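*Asks:* Dropping the structure in here first, questions after.
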Amino acid sequence: MPEDAAVEEFSARLRALKARGGRSYEALGRRLNVSASTLHRYCSGATVPERFAVIDRMARLCGTDEDERRNLEELWTRADHSRRPRPQEREPEQEPEREPESQPEPESQPEPEPEEQERERAPELAALGTLTTAPAPRRSLSRSWRGALVAGAGAAVVALAVVLVLVRPGLPTGPEATAPPASTAPPTSTTSPSTPAESSPPPFTWTADSQVWQDGCGHVYLVDRGLRGFGPPPPPGDAAVWAGANRAVHGGETLVRISLQGRSPSSAVVLQALHVRVVGRAEPLPWSAYRMDNGCGGAVTPRHFAVDLDRPRPLARPVDGYDASGAEGRTIPAVSFPYTVTSADPEELLVTARTAGCDCRWYLELVWSSEGRSGTVRIGDGEGKPFRTSGMKGRPVHEYDPVGRRWITGADSGQSG
């Protein structure tokens, strides 16, 4: 499908959804945590959203079913692919040549004779009841030692067979056999059904994305490597893959987007509070900083929760957003607890955590209540790991020159770093 046709088909579907929902751009934008002008650019085809999450929320608010949302995601994928810039060619990484290490040649062992092979397997066969006669004696062992070895090998094989039968799936061996299997978090998204103290999952689902860039383009990573052979910055959509491949750590700031949705349209879940728990502090990493942009900015500052990780007891402080796209601008009110979500009324929370003086590992803890139940879910960076943010003061800062197709230091680019 041509580029313009893919984008136009996607934007036309968005306009139809907005008309179905009956909300104005401003009213719908408040529910989606985006400005009215940004939503208008999506519906007009001037811009394709970086992520499908905001469109998925819009579709749910406008009353779509699962098949419509799946079809809408396919349209977004084609439109996003047509607008995505072609990736820069990566310079091959030069690895230093290593001298081959000399390994001692293994000593050659003579092949055993067929009769010797049969004699060596005799204890196993005897234990399994497949021999009716005693094995031929080995010339190198006395009768007493030979008998002890045969008896010991037979006992070992029988014991192993008994253990295998007892632990075979489907045969309970005690109370542990009836225990449910331990749950594991999926590798590609940060989700959690409940805290260990809870006996059942909470009445809502959530996902957390820690690879959010400021205004969709600005972010800094700390990487333990030099400039040689280092490719260009990734598109924002590939940030998680790029950061994992380079073992990158957020430099100075981590932005986390949390999407919440109730499991039932009729039962509301009340979100009571959001807490921060720091589980590790160390000196800032002595790694180089790589800036993902040469400076960018947007007309909208989203509402968020600001976290100062350098404080002894960090708090998640709600902060108003601001939309400067209009003639006079307007304030976007901060999220205030308690807050209610259902399956038909989801919510997104944006957390901005900063540090200058530590290599911090931290979690978020969300307190909830619903229909007489209450609990706390711990939100981390996937597979139960904490988020990680390191200060970068005094570190060399590198920026990518798209013309010269190379990384340059802050001094070369006029930045102080």
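*Asks:* Within the stretch 238-267, how many residues turn out to be under 17 Å from residue 348 (Cβ atoms) and aliphatic (A, V, I, L, M)?
*Replies:* 4
*Asks:* Could we say that residue 340 is within 23 Å of residue 61 (Cβ to Cβ), loosely packed, with under 14 Cβ neighbours inside 10 Å and without any contact (Cβ under 8 Å) to a residue 40 or more places away in the chain here?
*Replies:* Here the answer is no, as residue 340 does not meet what is asked.
*Asks:* Let me ask something else. Being of a type in the set (D, E, K, R) and over 26 Å from the mean Cα position of the chain (by Cα) is the filter here, so list the residues in the stretch 33-66 that pass it.
*Replies:* 41, 65
Quick note: the coordinates plus some simple rules give every number you see, no bench work behind them. On a predicted model such as this, the values are computed, not experimentally measured, just so you know. Ideal geometry is used to build each Cβ from the backbone, glycine not excepted, and the neighbour counts take in all protein chains shown.
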